[in-house]
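Structure record follows, encoded as structure tokens.
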């Protein structure tokens, strides 16, 4: 494999960005297209990144994989599985085309996140092309590295607005030897209370979702450790299918209804022990609790005032993303405090002074 | 919510207070204090020497002792200090000429007057003897007196101080416990040293959400002690954890012995309250597991005080593992020990701690703490497995078999907690143990891909011979973080310079094999030249642009962490970045 810096595709990206910066042309970054629905409407000339493919290096005993950003997530997971390893943040693919670059740029993490960390926690290094068309390397392929500002982790969840990921190095972990899923009957409030109690104990939790009056708990670890935890927690045994579907937002809870403006899906991040939310008047709708309490999913029965939802969520110490059914030209992500927004603008200008990388994809003025 | 508990031992005691006997006893029980004791004994012997690079105490306010040591400090040889690199301050300890003193006083007066409008009189220090405790951090070879030191007690005072610095264009350096090892808290000669020592309260503990809100001057270990009754703890455990402050941990992204499994500081904090140089207060992160917008929390962590001043930290707490067992394995070669580490991980086991020591380190530690280490082994591995009883049970036999299969000549399982603590005592005492066999030592902090360990150790040995200085190696084997300790004697002319030259070569070797110049100690002033080796000019320029986004006038901790491009050019290194020579069109000989 040619070195990343010599890869004609990378050279082409650099030239493309440099020209765009010179002319002030907005660029719309695209990997596999699986997260096109996420965030605000993308504008500008498309830059296809799916061609930057291939695992650059993978040494299972080092617990590090390095891959070009356009490498399909499925391919990475396949390579890791062959060595009994995994991406511990359990990223949702949300489509066959998902790439590792898009996964990190979107910064989404699956049900395992509270106990194993988020996408950003597993980023060790990146090579990016910044808004000046420069190829830059930050971080590295080692677990501990405090040389320079951590611009690698800054890329996670930045939706491509700070740089084009061309290569990422991620920490990987062994797949647990044993995984068991249990189901218990519970109300949302009971589930949140149980989860707060269990999370304070050394239990091998790897997933906890409450939906439709049932609490689904996943335990992963050594056979003995899981067996002991099963005895302690109790509940009915269940297969792996629930969490596999949940991770992909493939569970019936997420299924679109008749479409139209009322079909909203909110992703609400709160302190894990927060009581069930009442975010708007007549908030019937359907709720689910994920991340051991720290993530709440809401499908309102009827369209509601975004402002009111956000105010209620802010009051609970959280933030809300309108994952589906929002106005792509409105704000999709939770508004930032004015001081923080000002810092965001300056950070954006530091990496992309001409503002050509995915402008407006995350917030209207970034 | 449970009741808020103040950190019972403030990070910096009143400078006039007598040394607390209890504190000294506590120090004697912990390895890191060995150097302090060594310094005290040196002082009492009035032995004329220049303090070693990695010498705790030695006159500086390293952690709880601050002023108490200072008052005993004759240090008659200070005037002999000489600059070794351009970053090293010129002799700051000697009495300056009257002219210099007058110029300094003239610069000081208006600053002191302005600060006194913001802070109580006791919170503004400007007499030379009052400033002495702040002249360095744990990297004691670099010393510099600040123009003035301030000890604010409220966030509003911090904001006012920063606004003032911004208005007057004064450099300002934040300082926690002063235990850093890279000179990150070295004061600005013409500016303000901002001590956060008075921010020493645990504000709140939230059991149900498993977080603690703490002020930045709270000691790392004090957090775990405060939440122990809830069965919780704060995971990162840098070796200085009895003394170092959480604000400093965030600034340096500190690690510890359990990083591979439990992560670094960046993985274990949830939000920060910070004040930027313009005096604005910001909340970075939040009470949920993630926050909207860019991950400024990651950017702030490890930024070495260059972007903002941390005034509060919300840390994540974890349930304490039910049990921990430790295995000690001896090997005839470093290679076989390295192979064993790879095999354990390939088997799907992530130990809570996995540490390696080479023969000189084993011998030094054994002589010091009598941990019953096998002193003839080329290397030992300490492997701690933690989790529930059943999990640990499941893994112990598996790991033991792997170690034996990799050629371990001996594998011991600590029978009880007392033996487990003894096994660890040797490793934890490795630094002070080395301090006993050498007048001074210089601690390096590179990280390498683990597979490169045999090569790096062999090359280090060759470099050690070339420079005529012995090197002892301790290694966080799980995460590839190598701490070579270079032994030298600062009283022998030229040895410090040799030690620094050897250290630089070792760090460059780490970069060459795909690693980094610093795994957990930070760049500070110490490794700033090696930054030119690790990063290309465009990358350094990007760092400067990010810095300017927060601090356009470059007043926060100037001259640290990121070198100027001019400085790298001056060094004139033929540094190879990403396998490409600069100006490949030119012939090189």
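Here, each number is a calculation from the coordinates, and none is a lab measurement. Predicted, not measured: the structure shown is a model, and the values here were computed from it. Cβ: placed from backbone, ideal geometry, glycine included. Neighbour counts: every protein chain shown.
Listing for the model above:
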{"item": "Rg/Rh (Cα only; Kirkwood hydrodynamic radius) as it applies to region B:349-399", "result": "1.09"}
{"item": "Theoretical gain in end-to-end length, residue B:418 to residue B:278 [0.36 nm per residue, Cα-Cα removed]", "result": "45.2 nm"}
{"item": "Label point at residue B:553 placed 7 Å out along Cα→Cβ; residues across region B:279-298 whose backbone nitrogen lies under 14 Å", "result": "B:279-280"}
{"item": "Angle between chain A longest axis and helix A:188-199 axis [Cα atoms, degrees, rounded to 10]", "result": "70"}
{"item": "In Å, descending, principal axis extents of the Cα set of region B:442-526", "result": "37, 28, 20"}
{"item": "Separation of the residue B:129 and residue B:109 label points, Cα + 7 Å toward Cβ, nm", "result": "2.3"}
{"item": "Cα point-scatterer Debye curve for region A:120-240, base-10 log of I(q)/I(0) at q = 0.09, 0.10, 0.19, 0.20 Å⁻¹", "result": "-0.43, -0.51, -0.90, -0.94"}
{"item": "Most to least packed among B:473-485, B:229-241, B:393-405 [average Cβ atoms within 10 Å]", "result": "B:473-485, B:229-241, B:393-405"}
{"item": "Rg and Dmax of chain A, Cα atoms only, in Å", "result": "20.8, 65"}
{"item": "C-alpha center-to-center spacing [region A:303-348, region A:1-75] in angstrom", "result": "27"}
{"item": "For q = 0.15, 0.16, 0.19, 0.24 Å⁻¹, Debye-computed log10 I/I(0) when each Cα of region A:138-185 counts as one equal scatterer", "result": "-0.60, -0.64, -0.74, -0.96"}
{"item": "Highest-MSF residue in chain A out of A:176, A:114, A:92 [GNM, Cα springs under 10 Å]", "result": "A:176"}
{"item": "For region B:346-378 versus region A:202-243, the gap between their alpha-carbon centres in whole angstrom", "result": "37"}
{"item": "Calculated FRET value between residue B:401 and residue A:96, using beta carbons and R₀ = 30 Å, to 0.05", "result": "0.10"}
{"item": "Shielding of B:536-548 by partner chains, average beta-carbon count, 10 Å", "result": "5"}
{"item": "Relative counts (whole %) of C-alpha pair distances in region A:213-366, using bins that are 5 Å wide", "result": "2, 8, 14, 16, 16, 14, 11, 9, 6, 4, 1, 0"}
{"item": "Diffusion constant of region A:24-112 at 10 °C, which comes from Stokes-Einstein with the Kirkwood Cα-pair radius and 1.306 mPa s, µm²/s", "result": "115"}
{"item": "Cα→Cβ-extended label distance, 7 Å offset, between residue B:504 and residue B:228, nm", "result": "4.5"}
{"item": "Between helix A:306-315 and chain A: long-axis angle, C-alpha atoms, 0 to 90°, nearest 10", "result": "70"}
{"item": "Most fluctuating residue given options A:110, A:207, A:284, as computed from a GNM of chain A linking Cα atoms under 10 Å", "result": "A:284"}
{"item": "Inter-chain shielding of A:149-159 (mean C-beta neighbours from other protein chains, 10 Å cut-off)", "result": "6"}
{"item": "Taking the convex hull of Cα positions in the protein assembly as shown, its mean projected area over all directions (nm²)", "result": "37.3"}
{"item": "Cβ crowding within 10 Å averaged over residues, with B:247-256, A:96-105, A:357-366 ranked highest first", "result": "B:247-256, A:96-105, A:357-366"}
{"item": "Separation between Cα centres of region B:131-202 and region A:173-188, rounded to whole Å", "result": "49"}
{"item": "FRET efficiency estimate (nearest 0.05) - Cβ-Cβ, residue A:78 to residue A:342, R0 56 angstrom", "result": "0.80"}
{"item": "Computed FRET value (nearest 0.05) for residue A:257 with residue A:43, which takes r as the C-beta separation and R₀ as 45 Å", "result": "0.95"}
{"item": "With Cα atoms, 0 to 90° folded angle of helix A:338-351 axis to chain A main axis", "result": "40"}
